[in-house]
């Protein structure tokens with residue numbers, strides 16, 4: 001029997017039970033739609049994060065304390081990046097292809113104003129560099145200057161949310177807040193932004209790193225040093241020079257591992273890709289279970305269908321159908337069911353993802369874009385057809401093995 | 001070489017511990033072009049015999065050859081090919097696909113054949129003309145009368161131009177007029193188109209439309225003789 005007729009026969013069988021066919025594929029539709037939604041949102045998130053990260057520029061290199069950059073405790077508490085290290089990196093003879101060195105540290109103390117404590121993310125570092133990288137403008141006032149940093153000025157720039165928490169709608173510039181008993185003069189407030197960074201940007205406050213070390217932490221350690229190479233081509237060389245300089249500074253022997261880690265934007269993006277992909281794969285695997293459940297539903301309905309159409313099977317055999325013709329008829333029927341479920345699932349998933357992306361762009365991150373997951377589509381439809389093949393096999397095989405005369409006598 | 005060669009054919013059904021011998025050693029031959037009626041009371045084994053002759057059922061012992069070949073020596077594909085090209089079935093309960101049209105039902109055996117698709121319509125139109133169903137070609141079979149259903153089933157049996165037409169109680173579900181029309185069609189298939197027709201019935205009246213009657217009783221052939229005065233179904237309509 002030619003495949004065209006197999007297809008025609010299978011479609012005829014499904015058409016005869018339209019409502020049942022539609023209900024049967026519901027499980028597959030939901031499963032595939034979920035896969036598409038997860039992959040679309042995963043890819044959207046991935047693209048957003050990568051856009052933010054790549055916004056730092058490909059020539060940006062990040063140095064953090066600790067062997068492993070994924071270990072946040074090491075980043076916060078390791079004491080391997082010091083002021084001397086920063087000075088060493090600034091020396092041209094050590095790292096010739098460097099254009100800027102921007103160290104920063106995290107201050108864990110709260111901001112106080114009129115006796116009230118406010119929990120903000122206080123960074124000691126170069127506020128101008130931060131504003132430039134994330135493309136944030138000023139709502140009021142201005143950033144502190146290089147001179148302010150050199151002179152350990154007690155200036156602070158606030159994120160728009162923490163400013164609102166402390167001062168409400170009043171102007172903040174010129175007012176004083178306290179951090180660990182020290183008075184800081186508010187010199188500027190960042191404007192509201194949709195940019196996504198490692199911290200919630202509206203809740204951030206910047207003070208000069210020199211001031212933070214001298215008056216607050218009382219140490220000379222940094223949590224992060226961002227350096228910029230003079231060109232993308234020189235990034236690898238700068239990574240090498242930075243690594244060698246810091247290993248010399250820290251007197252690390254040849255066979256010992258570094259007590260810091262150096263990340264290029266490329267490696268950060270690779271890492272993010274890896275994390276998002278693993279996470280997406282995990283979610284897809286979880287959702288795939290629903291496809292198995294849907295497949296069992298298909299098998300169940302196909303068994304009912306085989307039972308209901310026993311006489312038809314007998315008739316087909318009596319007029320010349322081979323066992324394999326009957327097998328392929330029911331198998332194709334199951335695969336059409338799941339395939340249709342897959343296609344409907346992709347359309348539904350894409351629609352929901354599109355709406356979700358629009359909502360996310362309006363509420364959380366305006367740069368969020370809808371990404372149609374081509375791989376998710378292929379995966380969804382492919383897996384659903386395979387589900388049909390696997391779960392349709394038993395009923396189809398049962399149908400093909402029926403004795404023609406017993407099938408014809410079936411009531 | 002006989003078209004059907006049957007010698008000491010036995011068939012036993014086993015269900016659990018119960019063995020029922022339905023055919024107890026049947027012997028006869030059928031030549032090409034004959035119109036045979038296999039007649040017997042209910043439970044005599046006549047339908048089992050027809051199912052064995054038409055390859056739908058295996059036998060327990062004895063010899064059965066179709067055109068000199070045993071179905072037992074064939075694989076599923078070969079037997080299916082014989083059913084498709086050499087054998088046509090007409091059942092008591094019609095066995096039509098009720099949601100499909102007359103055309104689609106008659107088309108069914110062609111789907112499993114090697115006949116070119118361009119030939120299908122011509123063949124279908126030819127057989128519906130033989131059975132007088134041209135005017136109902138696009139009707140869903142569920143909307144047909146019993147007689148029309150059976151004539152559609154005969155058209156389906158004919159479409160691959162088989163050597164043998166097996167008719168299992170073809171008038172059993174029909175009124176006498178429709179029954180006579182079906183019998184007239186079967187006689188025409190035999191007399192004018194040269195098909196071998198094997199008819200199973202429990203009614204003497206229907207059996208007498210054949211040229212030869214094999215009487216089966218209690219799993220044995222009790223008589224096998226030509227019908228001297230064959231009934232002519234078309235006479236019924238002349239009256």
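Beta carbons closer than 6 Å, at least 6 apart along the sequence or on distinct chains, pair a first residue in segment A:158-185 that is on the phi > 0 side of the Ramachandran plot with a second that is assigned to a loop (DSSP other than H, G, I, E, B) and surrounded by fewer than 20 Cβ atoms within 10 Å (Cβ to Cβ) for A:180/A:109.
Taken over segment A:250-277, the criterion of being within 22 Å of residue A:79 (Cα to Cα) and out of contact with any strand residue (DSSP E or B) (no Cβ under 8 Å at 6 or more places or on another chain) is satisfied by A:251, A:252, A:253, A:254, A:255, A:256, A:257, A:258.
Does residue A:378 satisfy the condition of being part of a helix (DSSP H, G or I), surrounded by fewer than 17 Cβ atoms within 10 Å (Cβ to Cβ), in contact with a helix residue (DSSP H, G or I) (Cβ under 6 Å, 6 or more places away or on another chain) and modelled with pLDDT of 85 or more?
On the way: part of a helix (DSSP H, G or I): yes; surrounded by fewer than 17 Cβ atoms within 10 Å (Cβ to Cβ): yes; in contact with a helix residue (DSSP H, G or I) (Cβ under 6 Å, 6 or more places away or on another chain): no; modelled with pLDDT of 85 or more: yes.
So residue A:378 fails the test.
Among residues that are surrounded by 20 or more Cβ atoms within 10 Å (Cβ to Cβ) and away from chain A (no Cβ under 14 Å), residue B:66 is included. Checking the structure you have, find out if any residue of segment B:95-112 is more than 18 Å from the chain's Cα centre (by Cα), surrounded by fewer than 16 Cβ atoms within 10 Å (Cβ to Cβ) and within 14 Å of another protein chain (Cβ to nearest Cβ). Yes - at least one qualifying residue is present in segment B:95-112.
State yes or no: is residue A:211 assigned to a helix (DSSP H, G or I), out of contact with any helix residue (DSSP H, G or I) (no Cβ under 6 Å at 6 or more places or on another chain) and under 23 Å from residue A:128 (Cβ atoms)? Taking the combined requirement at face value, the residue satisfies it.
So that you can scan it fast, the table gives a plain yes or no per residue for (1) under 30 Å from residue A:408 (Cβ atoms); (2) part of a loop (DSSP other than H, G, I, E, B); (3) free of Cβ contacts under 8 Å to residues at least 40 places away in the same chain; (4) within 14 Å of another protein chain (Cβ to nearest Cβ):
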site	(1), (2), (3), (4)
A:235	no, no, no, no
A:262	no, no, no, no
A:286	no, no, yes, no
A:321	yes, yes, no, yes
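The helices (runs of 4 or more DSSP H) found wholly in segment B:169-239 and carrying at least 1 residues that are more than 19 Å from the chain's Cα centre (by Cα), at pLDDT below 90 and over 26 Å from residue B:43 (Cβ atoms) occupy B:176-191, B:233-238. Evaluate the following for residue B:63: is it more than 22 Å from residue B:161 (Cα to Cα) and touching a residue at least 12 places away in the same chain (Cβ under 8 Å)? Considered against the rule, which asks whether it is more than 22 Å from residue B:161 (Cα to Cα) and touching a residue at least 12 places away in the same chain (Cβ under 8 Å), residue B:63 comes out as yes.
The numbered conditions (1) surrounded by fewer than 22 Cβ atoms within 10 Å (Cβ to Cβ); (2) at the interface with chain A (Cβ under 9 Å from one of its Cβ atoms); (3) touching a residue at least 24 places away in the same chain (Cβ under 8 Å); (4) within 18 Å of the chain's Cα centre (by Cα) are all true for residue B:84 except (1).
Does segment A:360-398 hold any residues that are closer than 30 Å to residue B:52 by Cβ and away from every other protein chain (no Cβ under 14 Å), and which are they?
Keep residues of segment A:360-398 that are closer than 30 Å to residue B:52 by Cβ, which gives A:395-398.
Those that are closer than 30 Å to residue B:52 by Cβ and away from every other protein chain (no Cβ under 14 Å): A:395, A:396, A:398.
Checking each residue in segment A:291-315 for being surrounded by 20 or more Cβ atoms within 10 Å (Cβ to Cβ), within 12 Å of chain B (Cβ to nearest Cβ) and assigned to a helix (DSSP H, G or I) picks out A:312, A:313, A:314, A:315.
The residue that is nearest to the other protein chains (Cβ to nearest Cβ), among those in segment B:31-43 that are more than 12 Å from the chain's Cα centre (by Cα) and buried (at least 22 other Cβ atoms within 10 Å of the Cβ), is B:40. Residues that are touching a helix residue (DSSP H, G or I) at 6+ places or on another chain (Cβ under 8 Å), surrounded by fewer than 21 Cβ atoms within 10 Å (Cβ to Cβ) and in a loop (DSSP other than H, G, I, E, B) within segment B:115-143 comprise B:115, B:132, B:137, B:138, B:139, listed in sequence order.
Going by what's in this entry, would residue A:16 be described as buried (at least 18 other Cβ atoms within 10 Å of the Cβ), within 14 Å of chain B (Cβ to nearest Cβ) and either under 30 Å from residue A:250 (Cα atoms) or at pLDDT 75 or above (or both)? Talk me through it step by step, then tell me what you get.
On the way: buried (at least 18 other Cβ atoms within 10 Å of the Cβ): no; within 14 Å of chain B (Cβ to nearest Cβ): yes; either under 30 Å from residue A:250 (Cα atoms) or at pLDDT 75 or above (or both): yes.
Answer is no for this residue.
The values are calculated or read from the model by the stated rules, or taken from the named source; none is laboratory data. Owing to the predicted nature of the structure, the values given are computational and were not obtained by experimental measurement. For neighbour counting, all protein chains shown are included, and Cβ atoms are generated from backbone atoms with ideal geometry for every residue, glycine included.
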